[in-house]
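A.B. asks: Below is the structure I would like to discuss, written out as structure tokens.
What follows is calculated from the coordinates using simple rules that are stated; it is not laboratory data. What you see is a predicted model; the values in this text were computed from it and never measured. When we count neighbours, we look across all protein chains shown, and the Cβ atoms used for this are built from the backbone with ideal geometry, even at glycine.
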Amino acid sequence: FESKLPNLGTSIFSQMTALANQFEAINLSQGFPEFDAPELLKKQLNHYVLEGVNQYSPSSGVPRLQQQIAGLAKRKYGTAINAGEQVTVTSGATEALFVAIQAIVRAGDEVIVFDPAYDSYQPAIELAGGQSVHIALHAPDYAINWQTVAQAINSKTRAIIINTPHNPSAKTLKQQDLDALKTLIVNHDLYVISDEVYEHITFDGTRHLSVMSDDVLFARSFVISSFGKTFHSTGWKLGYCIAPTALSVEFRKIHQYVTFSSFTPAQHALADMLEQQGQHVDELSAFYQQKRDVLSGALKESRFTILPSEGSYFLLLDYSEVSDLNDVDFCHWLVEQAGVAAIPLSVFYQTPNNDKIIRLCFAKNDTTLIQAAEILCQL
Ligand code: PMP
Ligand code: GLN
């Protein structure tokens, strides 16, 4: 059998979590919260299941949830969204990314991806018959050189994928980045897939800049988010795509045949949550900033160099002073011998990468973070 994705194995997140379980290590590798979803959300899910709200929803989503999502976009970014036409509820951001890519990428098209990149982009591009063109960014600032991006564009280029706040670098795009992106998009007739799943998690007063807040950019964008990140419910696999009507029409054609519709009772529970406890969203940045500070504070005396984290729930550490191993070997050693699971940064790159950097997830209880830091401080 000739594989369509010959170079793909099991995702690093599954691998590291399995190793963490096997070696009973503290798992700061795969990104998921150790704490539970809000009580109201769980209660309302239970309520709708027991009330018998258990059949298909409309393919594009439960209308009252679409309304809440549009309301949130208006409140956060000032963008007027037509809930019925422009918001599509999906089975996680992963589905939304996959569908958006299938909607616009044709055989032979190129899509620009910045490395380190989230692992689901490239397989989706390849399955659409396209090719990902990787531009590598590096520590400590992971800045995008837009001149380099301009040089990578040719007649086959169809889209650019951005991710802000960024997994794994924890960097956020600035206004000048969005301005440069807009110039390229307009001049070369491209589309944007904007992965904004950590949109509500930014630190030290950093404001998340959504492509939605710019009419010209939004006109050519698919904006993707995830309730898993916002409501500590990664296992529910619910997210959404906001796109202009013409792009949403194409998106929905594919969403319809990938899954048709997403888990109905959870959509109602999420609508209740946004309606009744909208402040949860506004409190998320402070909640995670405290966690980032607990972890980085507890690592101050270690030999790791802590890189700045502006958003997301990740922190990067440079371990050059701790070990000469490459990052994959170091992470294996760390989980097996030291008892802490982390993700090596090189797996997010397409090209060979010798940076000595690992990613830690701080969506964990303070005691877990302190326990992990105590181990890391001894290395
Ligand atoms: N994009 C990024 C950058 C992510 O970190 C994640 C979650 N790991 C996703 C997309 C996928 O989100 P979901 O779990 O909602 O599919
Ligand atoms: N997004 C999560 C991370 O970056 C993992 C999601 C997954 O396991 N697919 O760790």
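A.B. asks: Under a point-charge model restricted to the Cβ atoms of Lys and Arg (+1) and Asp and Glu (-1), what is the dipole moment magnitude of the range 41-195 relative to its Cα centre, in debye to the nearest 20?
C.D. replies: 580
A.B. asks: Here's another thing I want to ask about it. Using a Förster distance of 30 angstrom, determine the FRET efficiency expected from the C-beta separation of Ala152 and Ile254, and round it to 0.05.
C.D. replies: For Ala152 and Ile254, the calculated efficiency is 0.70.
A.B. asks: Something else now. I'd like to know which of Thr368, Val89, Pro116 lies farthest towards the positive end of the charge dipole of the chain, counting +1 on Cβ of Lys and Arg and -1 on Cβ of Asp and Glu.
C.D. replies: Among Thr368, Val89, Pro116, the one farthest towards the positive end of the dipole of the chain is Val89.
A.B. asks: Roughly how many Å is it from the Cα centre of the range 1-61 to that of the range 179-256, as a whole number?
C.D. replies: Computed from Cα coordinates, the inter-centre distance equals 21 Å.
A.B. asks: For Ser14 and His188, compute 0.36 nm times the residue count separating them, minus their Cα-Cα distance, and round to one decimal in nm.
C.D. replies: Extra length available between Ser14 and His188 comes to 58.8 nm.
A.B. asks: Which ordering of Asp214, Asp329, Asp119 is given by a fewest-first count of other beta-carbon atoms within 10 Å?
C.D. replies: Final ranking by Cβ density, sparse to dense: Asp329, Asp119, Asp214.
A.B. asks: What trypsin sites (Lys or Arg not before Pro) in the range 1-82 are in a loop by DSSP, with at most 15 other Cβ atoms within 10 Å of the Cβ?
C.D. replies: Values: sites: Lys4, Lys42, Lys43, Arg64, Lys74, Arg75, Lys76; in loops: Lys4.
When the trypsin sites (Lys or Arg not before Pro) of the range 1-82 are filtered for loop state and at most 15 Cβ neighbours within 10 Å, Lys4 remain.
A.B. asks: Among 215-226, 171-182, 278-289, what's the highest-first ranking by average C-beta atoms within 10 angstrom per residue?
C.D. replies: Numbers: 215-226: 21.9, 171-182: 17.7, 278-289: 15.3.
The most tightly packed comes first, giving 215-226, 171-182, 278-289.
A.B. asks: Also: I'd like to know how the range 294-346 sits against the 2.2 N^0.38 Å rule of thumb: what's its Cα Rg over that expected value?
C.D. replies: In units of the 2.2 N^0.38 Å rule of thumb, it is 1.13.
A.B. asks: How would you order 246-255, 293-302 from highest to lowest mean count of nearby Cβ atoms within 10 Å?
C.D. replies: 246-255, 293-302
A.B. asks: So, by mean Cβ neighbours within 10 angstrom, what's the order for 354-363, 124-133 with the highest one leading?
C.D. replies: Peptide ranking by packing, descending: 354-363, 124-133.
A.B. asks: Now a separate question. Report Rg/Rh for the chain, rounded to two decimals, where Rg is the Cα radius of gyration and Rh the Kirkwood radius.
C.D. replies: 0.95
A.B. asks: Fewest to most neighbouring Cβ within 10 Å: what's the order for Tyr319, Tyr349?
C.D. replies: So the residues, fewest neighbours to most, are Tyr349, Tyr319.
A.B. asks: Choose one of Met273, Gln151, Ala139: the residue whose Cα lies farthest towards the positive end of the charge dipole of the chain (beta-carbon charges +1 Lys, Arg; -1 Asp, Glu; about the Cα centre).
C.D. replies: Final value for the positive-end residue is Met273.
A.B. asks: Same structure, new question: Treat the count of other C-beta atoms within 10 Å as a stand-in for reagent exposure and order Ser91, Ser262 from fewest to most.
C.D. replies: Starting with the residue having the fewest Cβ neighbours, the order is Ser91, Ser262.
A.B. asks: With r as the distance between the Cβ atoms of Gln175 and Asp141 and R0 = 22 Å, compute the FRET efficiency 1/(1 + (r/R0)^6) and round to 0.05.
C.D. replies: Between Asp141 and Gln175 the formula returns 0.85.
A.B. asks: Given the alpha-carbon gyration tensor of the range 261-342, what are the semi-axes of its equivalent ellipsoid in whole angstrom, ordered largest first, with each equal to the square root of 5 times an eigenvalue?
C.D. replies: For the range 261-342, the semi-axes come out at 36, 18, 10 Å.
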